[in-house]
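Take a look at the structure set out below.
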Amino acid sequence: MQDEEVWIRRYETPALSKPVVVVGSPGLRSIGKLAVDSLVDQTKMTLIAELYSTHLPSVYETTPSYAAHPSMPGEAGAVVELGRADLPKVQFYASVDLQLVLVRGYHPNFEGQYVVAQKVVDFLGDLGVERMVVVAGFGSKEKKIVCAANSQKALEDMKTRYDVGVGYKGPFMGFSGLVFGLAKLRGIEAVCLFAGTEPNEENLELPDPEASGKVVELLNRMLSLRK
């Protein structure tokens, strides 16, 4: 039994050298989650580790799940899918051939946001990651991609090489937002790709595969995943 609030179970220790990491989690129109799911399927990468925490609820009391609230920690328990039970978790995939890591995120409750995100960033730093790409959505009628970064050099590079400029201003809530923000403290250059999507007011996390697909196309170019 673990005596920590957050712990990581490692399955493999791949020989990585300064890999790039792509991070996504459920968020506005689930764009980040869809993008990571798509890349996992596309690349057939290996699951190398999983993060568990007493701060990862199986049932959220907040809507959407990324809107953490101090008085609504959620309900603890297992998650059952296709008859199999598991705990809520953050998953890490890696490919030595591609020198790429993928993180499939999960939103902690309010009290655990920083401790979970910091554990993730530290684990990525220990893997040798020096560059991060985060995928998320922002409210827009135009399905265009804009970016943010933790360095001016990264912003200029995105504009010069991929014609992707800035265009979103506001909060970036949840797991991916905190990982993005904490990356700079670990010395990891981080870029966030925000895909424009129209919010569905009845379900802000309702998937938008079209917007996510545009981000995956850009990631394929950026990471040279398809020739």
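Read-outs: derived from the displayed coordinates by stated rules, not from any lab. Keep in mind that what you see is a predicted model, and the values were worked out from it rather than measured. We place every Cβ from the backbone using ideal geometry, glycine too, and count neighbours over all the protein chains shown.
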Identify, among Val20, Gly112, Gly77, the residue whose Cα sits farthest towards the positive end of the charge dipole of the chain, taking +1 on the Cβ of Lys and Arg and -1 on the Cβ of Asp and Glu, with the dipole about the Cα centre.
Val20
Stokes-Einstein D (µm²/s) once Rh is taken as the Kirkwood radius of the range 12-85 over alpha-carbon pairs, at 4 °C in 1.567 mPa s:
86
Sum -39500 (n - 2.57) across every DSSP H segment of at least 4 residues in the chain, then divide by the residue count to get the 222 nm mean residue ellipticity, nearest 500.
-8500 deg cm²/dmol
Dipole in debye (nearest 20) - the range 6-222, about Cα centre, beta carbon charges: Lys, Arg +1; Asp, Glu -1
580
Place +1 on the Cβ of every Lys and Arg and -1 on the Cβ of every Asp and Glu in the chain, take the dipole about the Cα centre, and give the residue among Thr43, Val59, Leu155 whose Cα lies farthest towards its positive end.
Leu155
Taking only C-alpha pairs under 8 Å that are 6+ residues apart, what is the relative contact order of the chain in percent?
27
Peptide ranges 95-108, 67-80 listed from the most packed, as the mean C-beta count within 10 angstrom indicates
95-108, 67-80
What aspartates and glutamates could a cross-link reach from Lys18, if we take a straight Cα to Cα line under 13 Å and drop same-chain neighbours fewer than 8 places away?
Asp97, Asp126, Glu130, Glu189
